[in-house]
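Participant: Before we start, here is the structure in question, set down as structure tokens.
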Amino acid sequence: MNAWLLAARPKTLAAAVTPVLVGTALAHGDLATIHWPPFVFALLGAVFIQIGTNYVNDALDFKKGADTHARLGPLRVTQAGLLGADAVLRGAYICFGIAALCGIPLILRGGWPIAIVGIASIVAAYAYTGGPYPLAYHGLGELFVMIFFGFTAVCGSFYLQRLTLEVTAWIGGFAVGSLAMVILAINNLRDIDNDRASNKRTLAARFGATFARTEIAVFALAPFICVVAIAYLRHSTSLLIPMLALIPAIALLVRLARSDGASLNRCLALAGALEWIFGILYVVGAAIG
């Protein structure tokens, strides 16, 4: 069981939970008006898609030779021999199946747009590492993260509450997607040498460490422009409360400037914490407003 939990990568689950929190918070400031079943099923579906994505990544990165003994990141269960690659893939398919079941009540609530979103999310989750053109191996990881852990998850959660969309949901999607991109970009910066050796052409591997560090800085700060824009459009000062997350964002960038190699694992943990803080502050700001 510990191996399965390790393969699920709990520290990355902020990327699944935060967009649901932010999308729901933007749709409803008052907890009494939230449609709780769509919120719960959307949250569960997002978490299981994230875990399934992590399982596929663990198994297929090992099969493709991207995860070796030289890897600097946290332990990967397939590479370490704790679980077989085929077993981990079966675990991923089970997670995707559970996510699909969670999608049934969401489709009943939101109709065919939610069905399309759900199918696309599961297919893309596998295609991130698997399939004939794995996105992560061709520098498309950041695009995947922005689309599915930013726009799709935030706007989908918003839509399930309101059955309509507003521009603030799209802006919120960009903000949350940016923070998820930071997590991915730090991971790719840490693994840059290993990825180049295994022909995994992430943006960091293609364009170098300086590019990756600049990318991280830009997308760590971009969400706070979005916070100001949403507060302005909503005429709500309480929606500026997420600006408090700027403090850990700056702390992350300061540490990033002093880190390299395996020490970037600490930055990765800080990036996950930043996304959690951002999401929780959005819930607080929306509730006060």
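The values are calculated or read from the model by the stated rules, or taken from the named source; none is laboratory data. The structure displayed is predicted, hence computed values, not measured ones. Virtual Cβ from ideal backbone geometry, glycine too; neighbours counted across all protein chains shown. These accessible areas exclude ligands, DNA and RNA; they are computed on the full protein's heavy atoms, side chains included. Shrake-Rupley method; radii C 1.70, N 1.55, O 1.52, S 1.80 Å.
Participant: Please work out which residue is farthest from ASP193 (Cα to Cα), limiting yourself to the range 46-66 and to residues that are open to solvent by 10 Å² or more (accessible area, probe 1.4 Å) and among the small types (Gly, Ala, Ser).
Facilitator: The qualifying residue farthest from ASP193 (Cα to Cα) is ALA46.
Participant: Kindly check whether there is at least one residue in the range 103-121 that is free of Cβ contacts under 8 Å to residues at least 12 places away in the same chain and open to solvent by less than 30 Å² (accessible area, probe 1.4 Å).
Facilitator: yes
Participant: Moving on. For residues that are free of Cβ contacts under 8 Å to residues at least 40 places away in the same chain and either touching a Lys or Arg at 6+ places or on another chain (Cβ under 6 Å) or surrounded by fewer than 18 Cβ atoms within 10 Å (Cβ to Cβ) (or both), tally how many sit in the range 22-45. Please lay out each step first, then the result.
Facilitator: To start, the set of residues in the range 22-45 that are free of Cβ contacts under 8 Å to residues at least 40 places away in the same chain comprises 32-33, 36, 40, 43.
Add one more test, that the residue is either touching a Lys or Arg at 6+ places or on another chain (Cβ under 6 Å) or surrounded by fewer than 18 Cβ atoms within 10 Å (Cβ to Cβ) (or both), and what stays is 32-33, 36, 40.
Residues meeting the conditions: 4.
Participant: Of everything in the range 129-143, what is assigned to a helix (DSSP H, G or I), of a type outside the set (D, E, K, R) and buried (at least 21 other Cβ atoms within 10 Å of the Cβ)? Give them in sequence order.
Facilitator: Taking the range 129-143 and keeping what is assigned to a helix (DSSP H, G or I), we get 135-138, 141-143.
Checking which are of a type outside the set (D, E, K, R) leaves us with 135-138, 141, 143.
The answer is ALA136, TYR137, GLY141.
Participant: For the range 166-181, name all the residues that are of a type in the set (Ser, Thr, Tyr) and either over 16 Å from TRP276 (Cβ atoms) or open to solvent by 20 Å² or more (accessible area, probe 1.4 Å) (or both). Break it down into steps so the answer makes sense when it comes.
Facilitator: Our first condition is that a residue be of a type in the set (Ser, Thr, Tyr); within the range 166-181, this holds for 168, 178.
Hit for the range 166-181 is THR168, nothing else.
Participant: Residues in the range 182-200: is at least one touching a Cys at 6+ places or on another chain (Cβ under 7 Å), more than 20 Å from ALA251 (Cα to Cα) and surrounded by fewer than 24 Cβ atoms within 10 Å (Cβ to Cβ)? Spell out how you get there, then give the answer.
Facilitator: Of all residues in the range 182-200, those touching a Cys at 6+ places or on another chain (Cβ under 7 Å) come to 186.
Right, trim to more than 20 Å from ALA251 (Cα to Cα) and you get none.
No: the range 182-200 contains no residue that is touching a Cys at 6+ places or on another chain (Cβ under 7 Å), more than 20 Å from ALA251 (Cα to Cα) and surrounded by fewer than 24 Cβ atoms within 10 Å (Cβ to Cβ).
Participant: Within the range 223-260, work out how many residues are open to solvent by 20 Å² or more (accessible area, probe 1.4 Å), assigned to a helix (DSSP H, G or I) and within 29 Å of ASP191 (Cα to Cα). Quick ask: steps written out before the conclusion?
Facilitator: At the first step, the residues of the range 223-260 found to be open to solvent by 20 Å² or more (accessible area, probe 1.4 Å) are 225, 228-229, 232-237, 240-241, 243-244, 246-248, 250-251, 253-255, 257-258, 260.
Next cut, assigned to a helix (DSSP H, G or I) only: 225, 228-229, 232-234, 237, 240-241, 243-244, 246-248, 250-251, 253-255, 257.
If we keep only those that are within 29 Å of ASP191 (Cα to Cα) as well, we get 246-248, 250-251, 253-255, 257.
Residues that pass the stated criteria total 9.
So that you can scan it fast, the table gives a plain yes or no per residue for (1) of a type in the set (Phe, Trp, Tyr); (2) within 24 Å of SER178 (Cβ to Cβ):
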residue	(1), (2)
VAL47	no, yes
ILE51	no, yes
ASP58	no, no
GLY84	no, no
ALA87	no, no
TYR93	yes, no
GLY118	no, yes
GLY130	no, no
THR152	no, yes
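Participant: Determine which member of the set ARG196, ARG201 is among the basic types (Lys, Arg), touching a His at 6+ places or on another chain (Cβ under 8 Å) and at pLDDT below 95.
Facilitator: So the residue among ARG196, ARG201 that is among the basic types (Lys, Arg), touching a His at 6+ places or on another chain (Cβ under 8 Å) and at pLDDT below 95 is ARG201.
Participant: Is it the case that some residue within the range 150-160 is open to solvent by 30 Å² or more (accessible area, probe 1.4 Å), without any contact (Cβ under 8 Å) to a residue 24 or more places away in the chain and either in contact with a Gly (Cβ under 7 Å, 6 or more places away or on another chain) or part of a helix (DSSP H, G or I) (or both)?
Facilitator: no
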